[in-house]
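Notes follow the structure.
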Number of protein chains: 2
Amino acid sequence: MKITHTIKACENCIFRNLLFGSLNQQEYRLVNSVRAEKVFFKGEIIKHEGDELTSFLYLRTGLVKLYKTDHAQKDHILSIHKPGDFISLLHIFSNEFYPYSIATLEKTEVCEVSIDSIKNLIKTNGNFAIDVVKRMGMISDEVISSRFDKAQLQIRGKVASIILYFADQVYQSHHFKLPVTRREIAELIAMSTENVIRTMSEFKNDNILQFNGKEIIISDYERLLNISKMG
Amino acid sequence: MKITHTIKACENCIFRNLLFGSLNQQEYRLVNSVRAEKVFFKGEIIKHEGDELTSFLYLRTGLVKLYKTDHAQKDHILSIHKPGDFISLLHIFSNEFYPYSIATLEKTEVCEVSIDSIKNLIKTNGNFAIDVVKRMGMISDEVISSRFDKAQLQIRGKVASIILYFADQVYQSHHFKLPVTRREIAELIAMSTENVIRTMSEFKNDNILQFNGKEIIISDYERLLNISKMG
DNA sequence: CGCGGCTTTGATGTTCATCAAGTAAAGTGG
DNA sequence: CCACTTTACTTGATGAACATCAAAGCCGCG
């Protein structure tokens with residue numbers, strides 16, 4: 001069992017303006033007073049599906065997955081989230097319990113903020129309320145359109161989109177350490193692990209990707225992009 | 001080309017309390033003053049993908065689909081919405097343009113409400129703001145979990161879920177007129193029309209469903225429910 | 001009454017899951 | 001640090017699920 005540490009303040013958090021830009025000093029102090037900042041190690045489960053939902057999280061560093069476990073103990077991943085994302089903001093106003101489990105894919109620092117303080121701010125600060133509905137729209141757009149687009153693709157296109165997500169959205173590089181296992185990619189796109197591996201081997205043989213242990217290099221970005229759209 | 005009529009007031013709208021329950025008389029009059037109530041006939045396109053998004057709609061009667069058309073002119077349906085649903089509430093705060101086209105599946109009455117009035121109410125009425133974020137959470141939950149669940153199923157399960165959606169959520173009956181074509185079901189679950197038809201014929205041969213023209217009767221609800229979960 | 005869209009069935013090939021078997025890598029306890 | 005165990009990765013073979021192509025009947029609508 002790993003140990004969870006509580007770390008120091010985040011007065012100059014670079015993500016402060018993503019959601020809390022319209023708070024005044026007093027309101028910001030209020031949020032700070034009910035905020036817990038935590039760090040989780042790789043592979044830790046932050047929340048279990050069904051846990052009471054009294055707070056939401058935002059990621060400062062690291063990477064997490066939202067997932068459900070079925071009756072056969074098989075996991076199905078809904079989405080992966082990166083620094084700056086607000087985890088379960090979509091759910092806190094309409095759910096009593098976490099609808100998905102949340103686990104880290106690497107060492108992850110989060111801020112946990114209670115629902116009640118957010119609800120109070122929504123009621124009393126109109127501009128904050130507008131920021132919240134805007135952010136909720138952006139989050140749902142991202143999840144929904146990502147799932148919608150992938151539903152039309154076959155396996156090559158689905159795998160290509162996942163790799164491009166890490167390259168473009170997470171690491172902003174064509175050379176990075178893949179933070180998920182082949183099985184997790186399979187759980188994310190609802191395909192078998194074997195066929196995910198086969199597809200990635202194809203990409204390697206076609207000189208689209210190179211592998212070196214967990215490291216991945218995109219050698220033909222244009223073709224990968226094309227596969228993710230048309231494949 | 002069909003003609004769109006503007007119809008009368010909706011002071012006693014049964015859906016008023018779904019979203020506008022916390023407005024006072026004055027605020028409600030304001031909403032009324034910027035509201036347009038319209039009726040569309042079957043098959044009309046209410047909004048095209050890319051149209052300017054300055055208002056949202058809520059359905060009083062009827063049925064609509066949200067969809068996109070791809071480069072090959074093939075439609076892909078994101079979701080189907082029934083009376084009481086708030087169409088594009090998820091999108092109005094974060095999108096300048098409609099991300100999906102909206103078309104009617106049957107004669108449909110809608111109320112169209114301008115974004116600006118909604119935004120003003122969010123800023124000035126905290127309880128309304130809470131109602132909006134709660135409603136947005138419910139809408140996104142519905143779309144996301146429906147897509148997430150169906151992604152794990154094969155075609156029998158997917159088709160079964162669609163039929164159960166109409167039976168349970170829309171018509172509250174085991175006997176109804178199917179409001180979509182086989183092709184539209186295919187567009188909704190990303191399968192070929194032929195295989196949707198084959199699956200429905202299987203259900204007929206297995207005495208799970210009966211057909212009579214566009215009418216459909218669910219003869220073995222339990223089995224259909226089971227297929228929608230396990231299939 | 002004829003045209004176009006919807007529906008249906010069959011035949012064929014592609015895509016994918018599953019089973020099997022083995023290698024490599026990573027964690028675990030002595 | 002090494003033996004041991006587990007988990008991740010890989011490839012091949014086989015069959016199931018599904019798309020596609022083709023042909024024909026049906027039905028509503030102008």
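The values are calculated or read from the model by the stated rules, or taken from the named source; none is laboratory data. Because the structure is a prediction, the values reported are computed rather than measured. A quick note on method: Cβ atoms are made from the backbone with ideal geometry, for glycine too, and the neighbour counts reach across all protein chains shown. Areas reflect the complete protein model, heavy atoms only, side chains present, ligands, DNA and RNA absent. Shrake-Rupley method; radii C 1.70, N 1.55, O 1.52, S 1.80 Å.
If you take every residue apart from B:Glu184 with its C-beta less than 9 Å away from the C-beta of B:Glu184, what net charge results, scoring Lys and Arg +1 and Asp and Glu -1? Walk me through the intermediate numbers first.
Values: positive: B:Lys65, B:Arg182, B:Arg183; negative: B:Asp75, B:Glu187.
Net of charged neighbours comes to +1.
Using the Karplus equation 6.51 cos²θ - 1.76 cosθ + 1.60 (θ = phi - 60°), what ³J(HN,Hα) coupling, rounded to whole Hz, does each residue of the stretch B:124-131 give in order, writing x for Gly and Pro?
Ordered by residue, 3J(HN,Hα) equals 9, 10, x, 5, 5, 4, 4, 4 Hz.
Using a label point 7 angstrom from Cα along Cα-to-C-beta, what distances in nm, from shortest up, separate B:Gln172 from the other copies?
So the label point of B:Gln172 gives 5.3 nm to the other copies.
Taking Cα pairs under 8 Å and at least six residues apart, what relative contact order does the stretch B:2-150 come out at, in percent? If you can, show how the numbers build up before the last one.
Working: 254 pairs, mean separation 45.3, N = 149.
This gives 30 percent for the stretch B:2-150.
With just the Cα atoms of chain B, tell me how far they stretch along each of the three principal axes, in Å, largest first.
58, 36, 31
If the viscosity is 1.306 mPa s and the temperature 10 °C, what translational diffusion coefficient in µm²/s does Stokes-Einstein give for the stretch B:118-163 when Rh comes from Kirkwood over Cα pairs? Present the calculation step by step, with values, prior to reporting the outcome.
Working: Rh = 12.6 Å.
The diffusion coefficient I find is 126 µm²/s.
Counting only residues 5 or more places away or on other chains, whose amide H sits under 5 Å from the amide H of B:Ile87 once H atoms are built in the peptide plane?
B:Leu57, B:Tyr58, B:Leu59
Name the long-range amide H neighbours of A:Asp206: under 5 Å, sequence gap of 5 or more, or other chain; modelled H, no Pro or chain starts.
For A:Asp206, no residues qualify.
Evaluate peptide B:128-134: per residue, the Cβ atoms of other protein chains within 10 Å of its Cβ; return the mean as an integer.
Working: counts 2, 12, 6, 1, 6, 12, 5.
That works out to 6 on average.
With a 1.4 Å probe and all protein chains kept in place, how much accessible area does A:Ser145 have, in Å² rounded to the nearest 10?
Approximately 40 Å² for this residue.
Read phi for every residue in the stretch B:198-214 and hand back ³J(HN,Hα) as whole Hz from Karplus 6.51 cos²θ - 1.76 cosθ + 1.60, θ = phi - 60°, with x for Gly and Pro.
Karplus-based 3J(HN,Hα) across the stretch B:198-214 equals 4, 5, 5, 5, 4, 4, 5, 5, 8, 6, 8, 10, 10, 10, 8, x, 7 Hz.
Apply the a/c threshold of 1.5 to the C-alpha gyration tensor of the protein assembly as shown and tell me whether it is rounded, prolate or oblate. Intermediate values should be presented prior to the final figure.
Numbers: a/c = 1.75, a/b = 1.09, b/c = 1.61.
It comes out oblate by the Cα gyration axes.
When Cβ neighbours within 10 Å are restricted to other protein chains, what is their mean count per residue of peptide A:143-154?
Details: counts 5, 10, 4, 0, 7, 11, 2, 3, 8, 5, 1, 0.
Counting other chains' Cβ atoms within 10 Å and averaging over A:143-154 gives 5.
How large are Rg and Dmax for the stretch B:101-231 when calculated on the C-alpha trace, in angstrom?
Computed over the Cα atoms of the stretch B:101-231, radius of gyration and Dmax are 18.2, 58 Å.
Which whole number gives the average count of other chain Cβ atoms within 10 Å of the Cβ atoms across peptide B:114-127? Intermediate results must be reported in sequence, preceding the final value.
On the way: counts 0, 0, 0, 0, 1, 5, 2, 2, 7, 6, 2, 3, 9, 2.
Rounded to a whole number, the mean comes out at 3.
Post the alpha-carbon centroid distance, the stretch A:86-145 to the stretch A:175-221, in whole angstrom.
Result: 31 Å between the Cα centres.
Starting from a label point 7 Å past Cα on the Cβ side, list the distances from B:Arg183 to the same position in the other copies, nm, shortest first.
4.4
Provide the net charge surrounding B:Asn125, with neighbours chosen by a C-beta distance below 11 Å and charges set as Lys +1, Arg +1, Asp -1, Glu -1. Numbers along the way, then the final one.
On the way: positive: A:Lys123, B:Lys123; negative: B:Glu27, B:Asp131.
Here the charged neighbours net out to 0.
Tell me the net charge near A:Tyr100. Cut-off is 13 Å between Cβ atoms, A:Tyr100 excluded, with +1 for each Lys or Arg and -1 for each Asp or Glu.
On the way: positive: A:Lys47, A:Lys65, A:Lys68; negative: A:Glu49, A:Asp51, A:Asp70, A:Asp75, A:Glu187, B:Asp141, B:Asp149.
In short, -4.
Given axes a ≥ b ≥ c from the Cα gyration tensor, I'd like to know whether the stretch B:153-230 is rounded (a/c under 1.5), prolate (a/b larger than b/c) or oblate. Let's see the in-between values first.
On the way: a/c = 1.29, a/b = 1.15, b/c = 1.12.
Cα axes put the stretch B:153-230 in the rounded bin.
Of A:Gln172, A:Gln25, A:Gln154, which is the most mobile in a GNM of chain A whose springs link Cα atoms less than 10 angstrom apart?
A:Gln25
Using amide H atoms built in the peptide plane, which far-off residues or other-chain residues are under 5 Å from B:Glu49 H to H?
Counting only residues 5 or more places away or on other chains, the set is B:Ser101, B:Ile102.
Show me, for the stretch B:99-111, the HN-Hα J-couplings you get by feeding each phi into the Karplus relation (A = 6.51, B = -1.76, C = 1.60, θ = phi - 60°), rounded to Hz, glycine and proline as x.
Each residue's phi maps through the Karplus curve to give x, 10, 6, 10, 9, 8, 9, 8, 4, 9, 9, 10, 10 Hz.
How are the C-alpha pair distances of the stretch A:1-137 spread across 10 Å bins, as whole percents from the shortest bin up?
With a bin width of 10 Å, the distribution comes to 11, 43, 35, 10, 1.
Once the Cα atoms of helix B:221-230 and of chain B are each reduced to a long axis, what angle between those two axes, in degrees from 0 to 90 to the nearest 10, is obtained?
Between the helix axis and the principal axis of chain B, the angle is about 80 degrees.
Could you identify which residue out of A:Ile14, A:Ile163, A:Ile46 has the top mean-square fluctuation in a GNM of chain A using Cα springs shorter than 10 Å?
Result for chain A, Cα springs under 10 Å: A:Ile14 fluctuates most.
Run the count for the stretch A:153-230, please: Lys pairs, Cα-Cα under 18 angstrom, 8 or more apart or on different chains.
On the way: A:Lys158/A:Lys204; A:Lys158/A:Lys229; A:Lys177/A:Lys204; A:Lys177/A:Lys214; A:Lys204/A:Lys214.
Close lysine pairs under the 18 Å cut-off: 5.
Would you kindly work out, in nm and rounded to one decimal, the distances from the label point of B:Asn195 to those of the same position in each other copy, ordered shortest first, with label points 7 Å along Cα-to-Cβ?
For B:Asn195, the other copies' label points sit at 0.9 nm, shortest first.
Per residue of chain B, what 222 nm ellipticity follows from adding -39500 (n - 2.57) for every DSSP H run with n ≥ 4, rounded to the nearest 500? If you can, show how the numbers build up before the last one.
Details: 8 runs with 90 residues, N = 231.
Value at 222 nm, helices only, nearest 500: -12000 deg cm²/dmol.
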